[in-house]
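What follows is a short report on a single structure.
The values are calculated or read from the model by the stated rules, or taken from the named source; none is laboratory data. Source: prediction; values computed, not measured. Reconstructed Cβ throughout: ideal geometry from the backbone, glycine too, with neighbour counts over all protein chains shown.
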Amino acid sequence: MKAPVAPLPDPNDRDVELRLRRMTRRSFAAGAIAGLAGLAGWGWLRTRPDAHGIPWPLRRMLQWNSKLAEAYFRPTRLARTFPTSVARMPRPNGGLGLGNGIDLATWSLRLETSNEAKPLMLSLDQIKTLPEVDTVTELKCIEGWSDPVYWTGVRLADLAARYGKATRSGKPADLEGSPSDLFPYVSLSTPDMGYYVGLDIESALHPQTLLCYAMNHQPLTSEHGAPLRLVIPVKYGIKYIKWIGTIRFTDERPADYWAERGYGWYAGH
């Protein structure tokens, strides 16, 4: 037996009308209070002293987010991958570092460490002799948008291992067994130094961190970073440097273009 259905309130009922009016007034009052609190909070925030270009409460929040992402990171934690059917072309999003363009015929990658005098110069063909990796991961922009992209390239860890650049001894990197042998940071910059990023060594040697030379089954175009760009799914897109000219393993935390302009240096998620 079905339970009896309660009758709907009569919209012409005087008590119902009064209750609705009270609810409307309360909702309006609550909305007004929330709006005034928001305006007051924004006004307070705008009067706070700056910390490296932004009000200090926002700076503290960026630092907290950075520490949380860093604490959450594990070399074995993989970013989500996607089926190839959903991959799409991302926005180019800027030309910082392109300068007057890059001559693909004469381009070479400068690979070095902070304790050696002579860098190693590698052509794209030499880089392509490393094991090729294809994957679909998400490019997450700090502006709020994201795109799954089909990337093709080689692992930065494989490049470092072949040429012995991640460690002081020249031996393969061992994050757990020989952490003191590792250079703690990696610096990447465009040939004209117009754009540069800094990475912690753990993120740089992450198995999903690639030096990418093709995207969505096609060679990189100039606007997307040809001949070589970084793909690092454990970081936001501000770390995906295009037109890489130099990779340097170093003891000192390197400069980072957007960190100098108020964003977090770590930029993990």
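Has the range 58-76 got any residue that is at pLDDT below 85, in the same structural domain as VAL186 (by TED's automatic domain parsing) and hydroxyl-bearing (Ser, Thr, Tyr)? Yes, there is a match, as at least one residue in the range 58-76 is at pLDDT below 85, in the same structural domain as VAL186 (by TED's automatic domain parsing) and hydroxyl-bearing (Ser, Thr, Tyr). Residue selection: ILE241 satisfies the criterion of being at pLDDT 95 or above, within 23 Å of ARG80 (Cα to Cα), in the same structural domain as ASP158 (by TED's automatic domain parsing) and of a type in the set (A, V, I, L, M, F, W, C). Filtering the range 220-238 to residues that are within 22 Å of PRO75 (Cβ to Cβ), part of a loop (DSSP other than H, G, I, E, B) and in contact (Cβ under 8 Å) with a residue 60 or more places away in the chain leaves PRO233, VAL234, TYR236. In summary, VAL186 fulfils each of the numbered conditions (1) under 18 Å from PRO119 (Cβ atoms); (2) modelled with pLDDT of 95 or more; (3) surrounded by fewer than 22 Cβ atoms within 10 Å (Cβ to Cβ) with the single exception of condition (3). I'd like the residue in the range 190-214 that is part of a loop (DSSP other than H, G, I, E, B) and hydrophobic (A, V, I, L, M, F, W, C) and, out of all such residues, is surrounded by the most Cβ atoms within 10 Å (Cβ to Cβ). For the range 190-214, the residue satisfying everything is LEU205. Within the range 113-124, the residues that satisfy the criterion of being farther than 14 Å from PRO191 by Cβ and either surrounded by 14 or more Cβ atoms within 10 Å (Cβ to Cβ) or not assigned by TED's automatic domain parsing to the domain that holds LEU211 (or both) are THR113, SER114, LEU120. For the range 133-176, how many residues meet the condition of being within 16 Å of the chain's Cα centre (by Cα), assigned to a loop (DSSP other than H, G, I, E, B) and farther than 24 Å from ARG74 by Cβ? Looking only at that region, the number is 3.
Only one of the listed residues (HIS269, HIS217) is in contact (Cβ under 8 Å) with a residue 60 or more places away in the chain, surrounded by fewer than 20 Cβ atoms within 10 Å (Cβ to Cβ) and not assigned by TED's automatic domain parsing to the domain that holds PHE73. That residue is HIS269. Filtering the range 139-166 to residues that are under 24 Å from LYS128 (Cβ atoms) and of a type in the set (Val, Ile, Thr) leaves VAL149, THR152, VAL154. For the range 110-130, which residues satisfy the criterion of being more than 24 Å from the chain's Cα centre (by Cα), outside any strand (DSSP E or B) and of a type outside the set (Gly, Ala, Ser)? Selection gives ASN115, GLU116, LYS118, PRO119, LEU124, ASP125, GLN126, LYS128, THR129, LEU130.
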